[in-house]
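What follows is a single structure, written as structure tokens, with notes after it.
The values are calculated or read from the model by the stated rules, or taken from the named source; none is laboratory data. Since we're looking at a predicted model, the values are computed, not measured. Don't worry about glycine lacking a Cβ; one is built from the backbone with ideal geometry, like all the others, and counts go over all protein chains shown. What goes into the accessible areas is simple: the full protein's heavy atoms, side chains included, and nothing from ligands, DNA or RNA. Shrake-Rupley method; radii C 1.70, N 1.55, O 1.52, S 1.80 Å.
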Amino acid sequence: MKVIIGLGAILGLLFVLPAAEQVFAAGSEVGEYLDRKAAIWGLFYRLMIVAFTVGTVVSGLIVWLVLRFRESNPKAKPTSYEAAGSW
Amino acid sequence: MSGHSTWPEWVYVGVVIALLCYVGAEAWNIERIVEHVPEDAEIIKVTGQQWIWTFEHEDGTKEIGELHVERGKAYKFEITSKDVIHSFNIHDYVVLLDAVPGRVNTVWFSPTEAGEFDIQCREYCGLIHYNMRGTLIVEEKGA
């Protein structure tokens, strides 16, 4: 369990640290104006990549679950309590 | 149902938290950068009223329906309304902010290309809302 939590924390830091670094480094340039269009659309595209990736994984998982654990699947087997008829 | 492996759940929770942190940090960072107005930005007062846009530059020059600016300079819009709520939008430069009576909202931008761009109202403000348009004219420096 500790390994898993540690792994999760490392994964979190891998995402958080670069973002935090960007935050504190940004805005220090002098005489250069932000290209608002590039910044906002860039954010939009990055967040869309996250959204579509998550959407694909979640919907793929749901499709797999439904197909794999349907009653008519030849690989399907009853759970222990179903087999014992104890529910 | 005890005794089964829980590591996939923990990985899932970790990935979700990491993604939420990334999305939140990115959005917060861009918003912070976008809202930081340069000190040398020229102030342009923008007033919306049914159904025209009027502009007043720092030197007192007034324009109606057209706004002349220079490429590469920073401009800060101080946006208000005389009657109902409008919304000041320059689509090509991702400028969009409500014009509210009795309130001054600010947004800034710096045009990167010379040319003519549409200004339009993005909040339904009455019968002629569809035609509450203007033109942003970006000129080269010294033109």
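Structure notes:
- Cα centroid separation - region A:48-87 against region B:29-64, whole Å: 55 Å
- Measuring spread by the Cα atoms of region B:20-78 yields a radius of gyration and Dmax of 15.7, 47 Å.
- In this simple spin-label approximation, B:Gln50 and A:Thr79 carry label points 7 Å from Cα along the Cα→Cβ vector, and these lie 6.3 nm apart.
- Potential extension, B:Glu63-B:Glu113 segment - 0.36 nm per residue separation minus Cα distance: 15.9 nm
- Calculated FRET efficiency, A:Lys2 to B:Ile85, Cβ-Cβ distance, R0 = 41 Å: about 0.15 to the nearest 0.05.
- Sorted largest first, extent of region B:65-112 alpha carbons per principal axis (Å): 32, 18, 16
- Rounded to 5, the percent of DSSP beta bridges in chain B classed as antiparallel: 70 percent
- Helix-only [θ]222 nm of chain B, DSSP H runs n ≥ 4, -39500 (n - 2.57) each, per residue, nearest 500: -7500 deg cm²/dmol
- Within the listed set B:Ala18, B:Ala99, B:Ala27, the residue fluctuating most in the Gaussian network model of chain B (springs between alpha-carbon atoms under 10 angstrom) is B:Ala18.
- Given +1 at the Cβ of Lys and Arg, -1 at the Cβ of Asp and Glu and no other charges, the dipole of region B:42-139 around its Cα centre is 320 debye to the nearest 20.
- Over every Cα atom in region B:75-143, the radius of gyration and the widest Cα-Cα span, Dmax, amount to 12.8, 40 Å.
- Accessible surface of region B:42-139 [probe 1.4 Å, protein heavy atoms]: carbon and sulfur percent: 46 percent
- Counting every alpha-carbon pair across the protein assembly as shown, the share separated by more than 29 Å comes to 51%.
- Across A:Lys37/B:Lys45; A:Lys37/B:Lys82; B:Lys82/B:Lys141; B:Lys45/B:Lys141, pairs whose alpha-carbon gap is larger than 24 Å: A:Lys37/B:Lys82; B:Lys82/B:Lys141
- For chain B, built as a Gaussian network whose Cα springs stay under 10 Å, the top-fluctuating residue of B:Leu19, B:Leu96, B:Leu67: B:Leu19
- The calculated FRET efficiency for B:Glu78 paired with B:Tyr130, based on their beta-carbon distance and R0 = 30 Å, is about 0.70.
- Reachable aspartates and glutamates from A:Lys2, criterion Cα separation under 16 angstrom, eight or more residues apart if same chain: B:Glu9
- Within the assembled protein chains, the solvent-accessible surface assigned to B:Val94 is about 30 Å², based on a 1.4 Å probe.
- P(r) tail for chain B: Cα pairs beyond 24 Å make up 43% of the total.
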